[in-house]
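J.: This is the structure I have questions about; it appears just below.
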Amino acid sequence: MKVHEYQAKALLREFGVAVPKGDVADTPAQAREIAQHLGGRVVVKAQIHAGGRGKGGGIKLADDPAAAERAASQILGMMLKTPQTPAEGIKVRKVLVEEASAIERELYLSITLDRGRATHVVMASQAGGMEIEEVAAKTPDKILREWTHPALGLGDFQARRLAFGLALGGEQLKQAVPLIKNLFALYLAKDCSLVEINPLVVTRDGRVFALDAKLNFDDNALFRHKEIAELRDIHEEDPLDVEASKYSLNYIKLDGNVGCMVNGAGLAMATMDIVKLAGGEPANFLDVGGGASPEQIENAFRILSSDPSVKAVFINVFGGILRVDRLAEGIIAAVKKLGLKLPVVLRAEGTNVEQGKKMLADSGLALTMASDMADGARKAVAFAKGQKP
Amino acid sequence: MSVLVDTSTRVVVQGITGKEGAFHAARCKEYGTQVVGGVTPGKGGTTHEGFAVWNTVAEAVAKEGANCALIFVPPAAAADAIMEASAAGVPLVICITEGIPIADMVRAKQFVAGTNSRLIGPNCPGVITPGQAKVGIMPGHIHKSGDVGVLSRSGTLTYEVVGQLSARNIGQSSCVGIGGDPVNGTSFVDVLRLFNDDPGTRAIMMIGEIGGTAEEDAAAFIKASVKKPVVGFICGQTAPPGRRMGHAGAIIAGGKGTAAEKMKALADAGVTVVKSPADMGATVARVIGK
C-alpha cells in the first residue's frame, strides 16, 4: 500500500526523523494560512501517489502567502500528468505547503527488502535527487549498501558507515546517524516494504533532513497496523480494483478486451500470456484464489464484466481446493443475476469437473466450452474480435 | 525414487483444527500419506476429525516420530509456527499459509538457518511424490508416478503442467512448490540440486514467474551443474511493471525481474524454454523422446 508524502512525513516526524515544517491543505485559502504561519518562502506540492510531480507542474515555489494561495489554486483540482500516472493524469485533491530551504547537497537514502539475501538493506548515495535506478545502472559503485541483521537490525557502526560514505562529518554526522537509525526503526515498526528519502538534504545552515519521503507498506502486515490501513486513499486506485479488494479478490485492470477469471496467481498470469499469444489483449488479471466461495465467484464475474472494454470472458480454472462444482454455482448465479450478454468461454479441469460441467450444461447458459488453455484463449480472442470461433 | 517426501514421511499438521488444516489433513491421509496427527496450542489431548491433537510440535515428534510439519496456521502466527517446528527438530517444514508479513519471514528464515530443518514455502502448494506421499494441497488424483521432476513458484500452474504430463502418460518423480513469496525457505537451486542427484528423476520441468532473480540464479546453477534435460516456462510475460500480480513476490520493480530476462537466462543455460503455457507437457514429451 502507498501513502501520500504528507502522511509519510507525519510518520517520519513521529519517529524522530527531521522533515521540513509544513502542513497539508485542501483549499487555496488553507494554503495561504499555512504559508502565513510558516513565514517566508514556501513550496506548494501536489499530493498524489505518483512520482515526477515537479516536471508535470505539481510543485511550485511561492514567495509570500498570496503567491502560495495562487499556486495552490493552480495545482488543486488539476489532472497532474507524470511518467508514473495514467495517460489522463491523476486529480490533485490536496497540497502540502512547506518552508523552502537553501539546499547545499542532495543525497539519497532508502530501505527495502533484498530478496536475494532475505534481509532488509539500507541504501545511500551522494547522487540524490536523481532517478536512483539510473544511478544504479550507470554508476553502481555510487550506491552504498548496508545489509541489516535479520534479527538484530541495523548496527550503529552501519549507520555511521553510511553517514561517512555520504561525506557527512561533525555536526551533520550527529544528525545523520540517529536519522538513519530512526528511519530503520520506522521501517520495521510499521512493516514498510519501502522507505525512500530522495532527496535527503543538507542545508546551507548545516541541517540534515528529509525533503521528500515515500513510504510503501507490506499489504500482508496491514492487519496489525490499523492506523496505516486508514491512510489508504481510494481516489488513487482504479475503482474496479477497490471494488475487488472488498471481496478479497486479486484484480488488476489492464488495457485489453478479453476478461480473464482464473484461480491462482501463476495460472492467472499464464492465462494473460496465452491470450496475448492467441492474438488478443487481456482486460485484466484476476485471481479468485484457491478456496473461492460461490459468492466470491459471483462478485468476481460482476466486477470483471462491468469493465466496458471487456468484449468476451475467458474462465480458466484448474480445480484444486476450488472445486469446479462450486465455481459452476457461482457462474450460474452471476449470469442469471446480471443478465449477462457477453460471450463466455470456459475451460475447467480438476476436482469435481464432471459435476461442474453437468451443472453448467443443465443451467441452459450459452457457454462455449474449451478443451484446453490454448483452445479457450483462441475462442475468447475470436469472440472479442467479433468473430465466431 | 523421489525427493523430500516418500512412504517414510510422518506428517504432523500445524493448525489441524482450522477448516483448511482439517480438510487437507484428511485429503493427505486418503492419498496414503502417514499423517500422525496435528498441533493446535490449547487443544492438546483432544482428537479432531479422527486425528490426535497435541499442544506442541515437540510432543508430536517425541510420541509419534513426526519428521515433517505441514503448516496451515493463519498468517499472523505462521512464522512462529515455522520456528516451532524447526526448533522441535523436524527436518522438513512445509508452510502452505499465504499472506505472512515479509518482516516475519525474514526473521523465521534466519531462525531456520540455525537449525537442521529445511523449509519449503510459504505460500506454496506443498510437495507430492506420486504414489507415495502427498504433503500439501494439490489435487492428488491428477498425478502419476514417473521420472519427471516438477518445481514451481505457483500452485495452480503446477497442477496445469502435471495435468498436461499425466495426460501424455508422463509420470512425475516428485513435484515441489517453492511458493510465491519474496522470502522463502527453499530456492529453485536447492530443488534443482535434489532432482539432479535423484536417480529416479530423468528430466526436470521448472515453472518460474516475474519478480526477483531466483530464475536467473537457477539458470546459472543449471549451466554449471545440472546434467539432466530441463524444460522451463516463465509466467507473467504480459504483466505490467510495478503491479503485484497476486503473489507478493511477482512484481517487476525498477526494470528488473521481467519474464524476457528470465527466459533468456534459462535459454542461455541450455534450458528448453516454452513460450506458451499450453505447450509445457508436449515440450517435456519431445525432450525425453516420448
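Each value in this text was obtained by applying a stated rule to the coordinates, not by laboratory testing. Computed from a predicted structure; not experimentally measured. Because the Cβ atoms are built from the backbone with ideal geometry, glycine has one as well, and the counts that use them run over all protein chains shown.
J.: At a temperature of 37 °C and a viscosity of 0.692 mPa s, determine how fast segment A:1-138 diffuses translationally according to Stokes-Einstein, using the Kirkwood radius over alpha-carbon pairs as Rh; express D in µm²/s, rounded to the nearest whole number.
T.: 201 µm²/s
J.: Taking a cut-off of 21 Å between Cα atoms, list the lysines near B:LYS223, but don't count ones fewer than 8 places away on the same chain.
T.: B:LYS262, B:LYS264, B:LYS275
J.: Take chain A, mark every one of the GluC sites (Glu not before Pro) that falls in a DSSP loop and has at most 11 other Cβ within 10 Å, then report the longest stretch left between them, sites excluded. Show your work: numbers first, answer last.
T.: Details: sites that count: A:GLU88, A:GLU230.
Longest stretch, sites excluded: A:231-389.
J.: In debye to the nearest 20, how big a dipole does the protein assembly as shown give about its Cα centre with +1 on each Lys and Arg Cβ and -1 on each Asp and Glu Cβ?
T.: 960 debye
J.: Restricting to Cα pairs below 8 Å that are 6+ residues apart, what does the relative contact order work out to for segment A:72-209? Please round to a whole percent.
T.: 27 percent
J.: Restricting to bridges with both residues inside the protein assembly as shown, how much of the DSSP beta-bridge set is antiparallel, in percent to the nearest 5?
T.: 50 percent
J.: Evaluate E = 1/(1 + (r/R0)^6) for A:LYS341 and A:SER293, where r is the Cβ-Cβ distance and R0 equals 35 Å; express this FRET efficiency to the nearest 0.05.
T.: Efficiency at R0 = 35 Å is approximately 0.85.
J.: Still on this structure: Suppose we keep just the DSSP beta bridges with both residues in chain B; what percent of those would be antiparallel, to 5?
T.: Among the beta bridges of chain B, antiparallel pairing accounts for roughly 20 percent.
J.: How big is the Cα convex hull of chain A in projection, averaged over all directions, in nm²?
T.: Its average projected convex-hull area is 22.0 nm².
J.: Let me ask something else. Nearest 500 deg cm²/dmol is fine: what mean residue ellipticity at 222 nm does chain B get from its DSSP H runs of n ≥ 4 alone, each adding -39,500 (n - 2.57), divided by its residue count?
T.: It lands at -10000 deg cm²/dmol.
J.: Then there is this: Relative contact order of segment A:187-266, please, whole-number percent, based on alpha carbon pairs below 8 angstrom and at least 6 residues apart. All intermediate terms of the calculation are to be shown ahead of the outcome.
T.: On the way: 66 pairs, mean separation 15.6, N = 80.
For segment A:187-266, the relative contact order is 20 percent.
J.: Can you pull the semi-axes for segment B:207-290, root of five times each eigenvalue of the Cα gyration tensor, sorted largest first, whole Å?
T.: Result for segment B:207-290: semi-axes of 24, 15, 9 Å.
J.: Which entries in the list A:LYS45/A:LYS81; B:LYS144/B:LYS290; A:LYS81/A:LYS214 go over 24 Å, if you measure between the two C-alpha atoms of each?
T.: none
J.: Add -39500 (n - 2.57) for each DSSP H run of 4 or more in chain A, then divide by its residues: what number comes out at 222 nm, to the nearest 500 deg cm²/dmol? Show your work: numbers first, answer last.
T.: Values: 13 runs with 144 residues, N = 389.
Computed mean residue ellipticity for chain A: -11000 deg cm²/dmol.
J.: If you place +1 on the Cβ of every Lys and Arg and -1 on the Cβ of every Asp and Glu, how big does the dipole about the Cα centre of chain A come out, in debye to the nearest 20?
T.: I would put it at about 380 debye.
J.: Against the longest principal axis of chain A, how steep is helix A:353-363, in degrees 0 to 90 to the nearest 10, with axes from Cα atoms?
T.: 70 degrees
J.: Net charge around A:GLY264, counting only other residues with Cβ within less than 10 Å of its Cβ (Lys, Arg = +1; Asp, Glu = -1)?
T.: Result for the local shell: -2.
J.: Still on this structure, I have one more. Putting +1 on Lys and Arg Cβ atoms and -1 on Asp and Glu Cβ atoms, find which of A:GLY319, A:LEU76, A:ALA292 reaches farthest to the positive end of the dipole of chain A.
T.: A:GLY319
J.: Taking only Cα atoms, what is the 0 to 90° angle, nearest 10, from helix A:324-338's long axis to the longest principal axis of chain A?
T.: 80 degrees
J.: Between B:LYS63 and B:ASP268, what is the label-to-label distance in nm when each label sits 7 Å out along the Cα-to-Cβ direction?
T.: Roughly 5.5 nm, to one decimal.
J.: Which pairs, out of A:LYS253/A:LYS311; A:LYS2/A:LYS55; A:LYS190/A:LYS246, put more than 26 Å between their alpha-carbon atoms?
T.: From A:LYS253/A:LYS311; A:LYS2/A:LYS55; A:LYS190/A:LYS246, over 26 Å: none.
J.: Enter the Cα centre distance for the pair segment B:214-249 and segment A:30-54, rounded to the nearest angstrom.
T.: Taking the Cα centre of segment A:30-54 as reference, the centre of segment B:214-249 is 44 Å away.
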